[in-house]
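Here the structure comes first, spelled out in structure tokens, and everything after it is commentary.
The values are calculated or read from the model by the stated rules, or taken from the named source; none is laboratory data. Since we're looking at a predicted model, the values are computed, not measured. Positions of Cβ are generated from backbone atoms using ideal geometry, with glycine treated the same way; all protein chains shown enter the neighbour counts. Surface accessibility is based on the protein's heavy atoms, side chains included, excluding ligands, DNA and RNA. Shrake-Rupley method; radii C 1.70, N 1.55, O 1.52, S 1.80 Å.
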Amino acid sequence: MSRGRIAFVGEGPAEAPEINVAAPDGSGIRKVTDLVPEAREWEIGESSVIRFKSFDGKTVEGILVKPRGYRAGKRWPLLVYPHGGPQWRDPNVLLDDRQAYAAEGYALLLPQFRGSTGYGDACPWPT
């Protein structure tokens, strides 16, 4: 008896969205599309989720995208890139607008300010 397969869109900070299939228990993940083949050739600016203190001492989360060719100790121009809202959040996934700025030597900070989707008005983690 076949247990079936599930299909889902998989993506990440350095991977373009693609359709994948897997067993219902999540094993045997296999990519079945190649929607953005040119993405394999892109030099991706590294991104990570960071936390920092707000003006009132509460912890705020954001995504930091480093410029391509980033080297620690060098000063880089920073663009603060707030999302629209109030009901929205920036996912830590590969987006071409972020990478366009990173390609030009800019670091980006995408703050997940209070009032954002998934965060509410209060800080959701211990400070």
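Take region 14-118 with all the other protein chains still there, run a 1.4 Å probe, and you get 61 Å² of accessible area per residue. When you count the other C-beta atoms within 10 angstrom of each residue and take the mean per peptide, 70-82, 37-49 line up highest first as 37-49, 70-82. Of the residues V9, G26, S48, the one whose Cα sits farthest toward the positive end of the charge dipole of region 3-80, with +1 on the Cβ of Lys and Arg and -1 on the Cβ of Asp and Glu, is S48.
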